[in-house]
Amino acid sequence: MSTYSDKLKIFAGNSHPALAEDICEYLGTELLDARTKRFADGEVSVEINETVRGADVFIIQPTSPPVNENIMELLVIVDALRRASARRITAVVPYYGYARQDRKAKPRDPITAKLIANILTAAGARRLLSIDLHAPQIQGFFDIPVDNLYAAPLMIDYFRKKELENLTAVAPDVGSVKRVRSIAETLNIPMSIIDKRRPKPNVAEVMHVVGQSNIKDSNVILFDDIIDTGGTITQAANALKENGAKKVFACASHGLFSGPAIERMKKSSIDEVIVTDSIPQKNSEGLENLTVLSLAPLVGEAIDRIFKDLSVSVLF
């Protein structure tokens, strides 16, 4: 029996119901009845079969592929809850889609990370809870509170339990340096960086390893926020093995695994792929060296603290 009052309500869209159930199990409460359907022409239809008047409502909906479908579901659910007089609506979006377009890299580029922030706020969301936003400045795109939690502590705990010797943390590109440094400092291990350039989206070209002396005969933690098509992570792993790495553990907060990613990782020098369950792993069949870490305790604890008006910063 839940110890929460009837003012805490948790709903989920169709994006990742398994994660929503795990979060509710952690909290000792139930996932409430909201049904998301489609009209014949594909339009989203939502039925909220619980009263939410005056309630603190959390909607668990990663905006993972199919991205546009899941974003639209989230917006319609938020709108339905706002019109049903929910007191506060928190969008729990473990993977925030469109985050990689967070600046104008060239003339006439859109900034879609800001666009989604605007739309979500306009729909009625009053707080966002996410995991490892692609760029920290995305928090500033919102005019509502944003809690950006990190998957690094999960990775750190995982490697502490493995008790490997001669570990080195490696950033696959300059953009990952800050999150990789936190792992290196916590585990008290050396750090290296892959110098990479990207001639066009989803195409990566590894140049060389900065800090090669740390790599030889080491077990490497290669950590990024997203594995999409797998180009960056597999080329980085191959470069590390060429520089003498013993084992390469490819870690990411979000395992999108689009297009050729699975085949690339199967053929690569990666010894183990480690991701969180921020995204349902529907297309990872055959990737036998895949490990999926649960976000349910982290997200569940954050929901508990937000509901009780306690500090969330202790989870960062």
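At a glance:
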{"read-out": "Which numbered condition residue 151 misses (of (1) among the small types (Gly, Ala, Ser); (2) in contact (Cβ under 8 Å) with a residue 60 or more places away in the chain; (3) over 22 Å from residue 188 (Cα atoms))", "value": "(3)"}
{"read-out": "Qualifying residue in region 68-82 (condition: within 19 Å of residue 302 (Cβ to Cβ) and of a type in the set (Gly, Ala, Ser))", "value": "no"}
{"read-out": "Pair list, Cβ under 9 Å, 6 or more apart: region 69-90 residue over 15 Å from residue 50 (Cβ atoms) and modelled with pLDDT of 95 or more, other residue of a type in the set (Phe, Trp, Tyr) and part of a strand (DSSP E or B)", "value": "90/58"}
{"read-out": "Subset of region 114-159 that is of a type in the set (Ser, Thr, Tyr) and within 13 Å of the chain's Cα centre (by Cα) - its residue that is modelled with the lowest pLDDT", "value": "150"}
{"read-out": "Tabulated pairs, region 100-112, first within 13 Å of residue 135 (Cβ to Cβ), second at pLDDT below 90 and in a loop (DSSP other than H, G, I, E, B), C-beta under 9 angstrom, 6+ apart or interchain", "value": "100/201"}
{"read-out": "Residue within region 4-26 that is surrounded by fewer than 21 Cβ atoms within 10 Å (Cβ to Cβ), small (Gly, Ala, Ser) and either farther than 18 Å from residue 142 by Cα or not assigned by TED's automatic domain parsing to the domain that holds residue 229 (or both) present", "value": "yes"}
{"read-out": "Unique residue being more than 27 Å from residue 92 (Cβ to Cβ), within 22 Å of the chain's Cα centre (by Cα) and in contact (Cβ under 8 Å) with a residue 24 or more places away in the chain when the list is 273, 248, 209", "value": "248"}
{"read-out": "Residue 116, sole failed condition from (1) of a type in the set (Val, Ile, Thr); (2) farther than 20 Å from residue 236 by Cβ; (3) in the same structural domain as residue 274 (by TED's automatic domain parsing)", "value": "(3)"}
{"read-out": "Any hit, region 54-61, residues being in a loop (DSSP other than H, G, I, E, B) and touching a strand residue (DSSP E or B) at 6+ places or on another chain (Cβ under 9 Å)", "value": "yes"}
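Yes or no, residue by residue, for (1) of a type in the set (D, E, K, R); (2) under 16 Å from residue 135 (Cα atoms); (3) touching a residue at least 12 places away in the same chain (Cβ under 8 Å):
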residue: 157; (1), (2), (3): yes, no, no
residue: 169; (1), (2), (3): no, no, yes
residue: 176; (1), (2), (3): no, yes, yes
residue: 184; (1), (2), (3): no, no, yes
residue: 187; (1), (2), (3): no, no, yes
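The values are calculated or read from the model by the stated rules, or taken from the named source; none is laboratory data. Nothing here was measured: the structure is a model prediction, and the numbers come from that model. Here the Cβ is made from the backbone with ideal geometry for all residues, glycine too, and neighbour counts use every protein chain on show.
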